[in-house]
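Visitor: Sending over a structure as structure tokens; questions will come in a sec.
The values are calculated or read from the model by the stated rules, or taken from the named source; none is laboratory data. It should be emphasised that the depicted structure is a prediction, and the values quoted were computed from it without experimental measurement. No Cβ is skipped: glycine too gets one built from the backbone with ideal geometry, and neighbour counts run over all protein chains shown. Note: areas computed on protein heavy atoms with side chains; ligands, DNA, RNA excluded. Shrake-Rupley method; radii C 1.70, N 1.55, O 1.52, S 1.80 Å.
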Amino acid sequence: MLSSVRSASVSGPQAHPVLVETHVSNGLPGFTVVGLPDAACRESRDRVRAALMSSGLRWPLKRVTVNLAPSGLRKVGAGLDLAIAVGLLAAVGELTQEQVEGYAFIGELGLDGSLRRVRAAVPLVLAAGKRDVVLPPASIVEAAVVPGVALRCAPNLSAVVGALRGENGWAASPPASAQGTRGAVDLADVKGQPLARRALEIAAAGGHHLLLAGPPSSGKTMLGSCLVGLLPDLTPGQSVEVAKLHSLADVEPVHLSFRRPPLRMPHPSTPVVALLGGGGPRARPGEISLAHNGVLLLDELTEFSRSALDALRMPLEEGAVRIARAGERVCYPARFVMVATTSPCPCGEGGTPGSCRCTTASRSRYENRLSGPLAERFDLRVALSRPGAEDLFGGARGESTSAVAARVARARDVAVARSGGTNSLLGADQLSRLAPMSLAASRLAERRLRAGALSARGLHRAWRVARTVADLDGAPAEIDELHMAEALALRSQSKVSRGARAW
Amino acid sequence: MTSAAGRDRAGDKELAASIALAELPRMTPAKLRRLVVDNGPVDSWETLASGCAPEWISRSRTGETDLLRLWSTAVRRIDPCDRLAVYRRRGAGAALWSQPSYPRTLRQDTSTSGLVFSLGTTPLAGAEPSVAVVGTRSATPYGRDVAHELGRALSAAGVVVVSGLAEGITACAQQGALSSAAAPPVIVAPGGVDVACPLSLSPLWDRVAGRGAIVSEVPLSGRPDRWRFPWRNRLVAALADVVVVVESHAGGAALAIADAAARRGRPVLAVPGSIRSSASRGSNALIADGCAPCLGPEDVLVALSLAGQSPLAPAATGASGCSGAQDGGRVPSGATNAGVGGAGGHPVAPDERTVLGALEDSPATLAAVTGRTELSIGRAALALDRLVELGLVRDGGGWWCLASPAPNDVPGTYLAGLDARAVGARTP
């Protein structure tokens, strides 16, 4: 007797649909699994047998052959346990082929018949095709983000069999945990720092990369983590992308419903392979891919190794990271807003003239770590100073995250309507067409160019930022002089330390 | 300050011997003084060459026997006449204490070595008064401004400005002294006169070597090691008639120079600074301890005449050269009165007027300006831009402050001599 049951398996960065064919015949009792199963997959036999017996079903004393098609593809992991068990039951006659036809079965079996969580649930569900998917309860919440698929939950094998036979319904899915708040820190909790708040708003509205430079305890990290709260909710398509990447990387999901953009804050000692991706046997996505459609916060930029910072250049340029490994080439998306914090000098006081006590050598060494192609990618560079006593204890409460986020959302909508993406993605040719400058603004830019304070590439970057500033300011057709002045002012702030010394 | 070249063969011999003695390993100013001043240099050299020990060595600590051995081997390798020829070839001068080209202020000093090397010509041997302008490496724009002003005014008044060279106050003082085409400045080097230290200020070093002089007690090619800096500081104090401390952190090297000067009975002046600024903590402490405050170049000139060293050329541009005269002798800071409408009569817009008012108290970043004036970022940035163009406000890498209306100074051009690399760091 033959049965075929649908499932899916992850190999490398991809998930593939798998057809589990089970053939039962007379002969010496045996159970063989073919189709390049890996060690965990081969052990399915013992797990399935124990699960069947624990569920009160009979283990057939026949010759059983299980084929995991496509046979040439390596099958990894224990996620095919449930499909093998159901296939066996269908081949033996406990279930009919029609009963199992419209489903895909994904799950690991425990010896007592319970269903266990599988890794990378989201890609598996995506690969299982347009049919109902039976999943263990622990994986249902993760995979719930995938649209257009009905997810069936069952706590153990006998529940699955009962539901398939029609004796009982499917179990209720466990509820998703509470939707995470809009970022852990509210912007209103940050005291003072008017320039930095404005820069955050601009960075969120246009997707521009931001550098915050300031002495210790000036609130840089706090401000950086506020940015993710200002970004709008993810679209369904973006949610699925983010969920897929998180699933592949096997990261404990923080916002289980993946509606909010992710915030990744890698530690400076993170190795390059964990930052970019490609580690592990399955070429897992790295931090930058996990930050896709979200924010990558690099705290203490100078503590990162030079190789890590160099390696970030290409993904920043292309919006994707290409990983070439022995067996395969993988390309993970990596388009994020980068926020970095740094001190102006090793002692931290370089921002105030006359207070820095570093030697010239240590200072130039420190600045060299910051220089180079990565430093140019920051369109907004803000110098922070320590909040004064009146800021900390009195002072008007600044705008809250939700107020600013509303403005950001409006500006983003305008930008998307104009060019199909955020302003940071505008190409040089698109700038003159879609973001014209008023006469006064172009004169201001020209003055700066002549004075040597702006290069041609710098001009384009400032232009994009100016367009975002204009969008936040009611989106006039032309960029005004004030917008350009603001964009230029927010570009050059963090040379404070170098300038204060170079007098 | 080239030595009495070739005319006095005995003098040449003495000089050659002194130079050779100075080049012995582990030579210190105190030891060199004993060899050169207490004995004659030629005698000392011959004593060492013959392997005998000068009596003061045998009297001193153990461990000096190693020194003697070191010296006797070194003596055999060095040829004094050859060394003198090398110095002459490289254009470095040397002056012995007994020669007329020895700096006037060092004549009575018992802690210097008795032999001073130099590069370039300097009037230190003559009757011109000399003033040391010293301060911290990490200075505020105010301090740099004042140092530059003092350097310029004093040099214009015919006073030789002496200092070590480091980023910050001393670099600005040297810049100021160079910018007036009168008395040349002098840099005291921590190493040999041919070793520029710090490297980042090499252009300034070369300009001073061209217009003024570099002096040192360390022979040519001596490394500017850390343990030579205290000797350099003492030499700065010894060379000066008056010492002015512009800005100093608590415990800065400038305070050590002030100390050395006080020990020699030279007057020390200190420029007062904001009590909130850590860069003025040391200089304010000096005033609290009894030094006279320096409120402008005139105070320095008064201190010089009280010390009996009036400048030979009374300041021709005395009234206007010291821009403090506008405010009755105060160090220029309040440019608003002169500035608004004063820069060639340009009309100043209301935004710009507000920003000027905000900058009156102290330099500020853009964030502080927007905080003080309630203008939006764009308007404040535009206003600052226009004010910089008009010359009323100066930009020091993110900190804006009022530009002092010094007549010879176009704001920003005196940066030209400083490290072009640091200033030329443009935003890409």
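Visitor: Go through B:GLY143, B:GLY135, B:GLY114 for me and flag whichever is open to solvent by less than 10 Å² (accessible area, probe 1.4 Å), within 14 Å of chain A (Cβ to nearest Cβ) and in contact (Cβ under 8 Å) with a residue 24 or more places away in the chain.
Guide: On the way: B:GLY135 fails: open to solvent by less than 10 Å² (accessible area, probe 1.4 Å); B:GLY114 fails: within 14 Å of chain A (Cβ to nearest Cβ).
The match here is B:GLY143.
Visitor: Restricting attention to region B:114-124, does a residue exist that is on the phi > 0 side of the Ramachandran plot and under 20 Å from the mean Cα position of the chain (by Cα)?
Guide: As a first pass, look at region B:114-124 and keep what is on the phi > 0 side of the Ramachandran plot: B:114, B:120.
Filter once more, keeping what is under 20 Å from the mean Cα position of the chain (by Cα): B:120.
Checking region B:114-124: at least one residue is on the phi > 0 side of the Ramachandran plot and under 20 Å from the mean Cα position of the chain (by Cα).
Visitor: If you take the residues in region A:438-459 that are more than 17 Å from A:ILE479 (Cα to Cα) and either among the charged types (D, E, K, R) or more than 8 Å from every other protein chain (Cβ to nearest Cβ) (or both), which one is surrounded by the most Cβ atoms within 10 Å (Cβ to Cβ)?
Guide: Initial filter on region A:438-459 (more than 17 Å from A:ILE479 (Cα to Cα)): A:449-457.
Then drop every residue that is not either among the charged types (D, E, K, R) or more than 8 Å from every other protein chain (Cβ to nearest Cβ) (or both), which leaves A:449-451, A:456-457.
On the way: A:LEU449: 14, A:ARG450: 9, A:ALA451: 11, A:ALA456: 10, A:ARG457: 11.
Applying the filter and picking the extreme gives A:LEU449.
Visitor: Which members of region A:412-436 meet the condition of being open to solvent by less than 40 Å² (accessible area, probe 1.4 Å) and outside any helix (DSSP H, G or I)? Steps first, answer last, please.
Guide: Within region A:412-436, the subset open to solvent by less than 40 Å² (accessible area, probe 1.4 Å) is A:415, A:419, A:421-424, A:426-427, A:431, A:435.
Listed by number, the residues that qualify are A:GLY421, A:THR422, A:LEU426, A:GLY427, A:ALA435.
Visitor: Tell me whether region A:410-428 contains one or more residues that are under 28 Å from the mean Cα position of the chain (by Cα), at the interface with another protein chain (Cβ under 9 Å from one of its Cβ atoms) and modelled with pLDDT of 90 or more.
Guide: no
Visitor: Going through region A:371-388 one residue at a time, which ones are hydrophobic (A, V, I, L, M, F, W, C) and facing chain B (nearest Cβ under 9 Å)?
Guide: First, pick out the residues of region A:371-388 that are hydrophobic (A, V, I, L, M, F, W, C): A:374-375, A:378, A:380, A:382-384.
Hits for region A:371-388 are A:ALA375, A:VAL382, A:ALA383, A:LEU384.
Visitor: Further question on the same structure: Got a sec? Which of B:PRO347, B:PRO405, B:PRO428 is at pLDDT below 75, at the interface with chain A (Cβ under 8 Å from one of its Cβ atoms) and in a loop (DSSP other than H, G, I, E, B)?
Guide: Numbers: B:PRO347 fails: at the interface with chain A (Cβ under 8 Å from one of its Cβ atoms); B:PRO405 fails: at the interface with chain A (Cβ under 8 Å from one of its Cβ atoms).
Every option except B:PRO428 fails the conditions.
Visitor: Can you list the helices (runs of 4 or more DSSP H) found entirely within region B:157-267 that contain at least 3 residues being within 25 Å of B:ARG89 (Cα to Cα)?
Guide: Details: elements: B:169-179, B:202-211, B:229-239, B:253-263.
The helices (runs of 4 or more DSSP H) meeting that bar are B:202-211.
Matching residues to (1) open to solvent by less than 20 Å² (accessible area, probe 1.4 Å); (2) at the interface with chain B (Cβ under 9 Å from one of its Cβ atoms); (3) not polar (S, T, N, Q):
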{"residue": "A:GLY327", "(1), (2), (3)": "no, no, yes"}
{"residue": "A:ALA334", "(1), (2), (3)": "yes, no, yes"}
{"residue": "A:MET338", "(1), (2), (3)": "yes, no, yes"}
{"residue": "A:PRO346", "(1), (2), (3)": "no, no, yes"}
{"residue": "A:PRO353", "(1), (2), (3)": "yes, yes, yes"}
{"residue": "A:CYS356", "(1), (2), (3)": "yes, yes, yes"}
{"residue": "A:SER362", "(1), (2), (3)": "no, no, no"}
{"residue": "A:TYR366", "(1), (2), (3)": "no, no, yes"}
{"residue": "A:ARG369", "(1), (2), (3)": "no, no, yes"}
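Visitor: Check B:SER248, B:SER274, B:SER216 and return the single one that is in contact with a helix residue (DSSP H, G or I) (Cβ under 7 Å, 6 or more places away or on another chain), open to solvent by less than 20 Å² (accessible area, probe 1.4 Å) and hydroxyl-bearing (Ser, Thr, Tyr). I'd like the intermediate steps shown before the answer.
Guide: Details: B:SER274 fails: open to solvent by less than 20 Å² (accessible area, probe 1.4 Å); B:SER216 fails: in contact with a helix residue (DSSP H, G or I) (Cβ under 7 Å, 6 or more places away or on another chain).
After applying the criteria, what remains is B:SER248.
Visitor: When residues of region A:460-479 are filtered for being more than 14 Å from chain B (Cβ to nearest Cβ) and open to solvent by 60 Å² or more (accessible area, probe 1.4 Å), how many remain?
Guide: 2
Visitor: What are the residues in region B:220-252 that are farther than 21 Å from B:LEU119 by Cα and within 14 Å of another protein chain (Cβ to nearest Cβ), if any?
Guide: Passing the criteria: B:ARG226, B:VAL246, B:GLU247, B:SER248, B:HIS249, B:ALA250, B:GLY251, B:GLY252.
Visitor: Still on this model: Take A:LEU392 and tell me if it is over 26 Å from A:GLU486 (Cβ atoms), surrounded by fewer than 23 Cβ atoms within 10 Å (Cβ to Cβ) and hydrophobic (A, V, I, L, M, F, W, C). Talk me through it step by step, then tell me what you get.
Guide: On the way: over 26 Å from A:GLU486 (Cβ atoms): yes; surrounded by fewer than 23 Cβ atoms within 10 Å (Cβ to Cβ): yes; hydrophobic (A, V, I, L, M, F, W, C): yes.
Answer is yes for this residue.
Visitor: Still on this model: Given A:LEU73, A:LEU89, A:LEU82, which one is surrounded by fewer than 24 Cβ atoms within 10 Å (Cβ to Cβ) and outside any strand (DSSP E or B)? First the steps, then the outcome.
Guide: Numbers: A:LEU89 fails: surrounded by fewer than 24 Cβ atoms within 10 Å (Cβ to Cβ); A:LEU82 fails: surrounded by fewer than 24 Cβ atoms within 10 Å (Cβ to Cβ).
Every option except A:LEU73 fails the conditions.
Visitor: Okay, next question. Have a look at A:GLY192, A:GLY102, A:GLY110, A:GLY169 and point out the one that is free of Cβ contacts under 8 Å to residues at least 12 places away in the same chain and more than 24 Å from the chain's Cα centre (by Cα).
Guide: After applying the criteria, what remains is A:GLY169.
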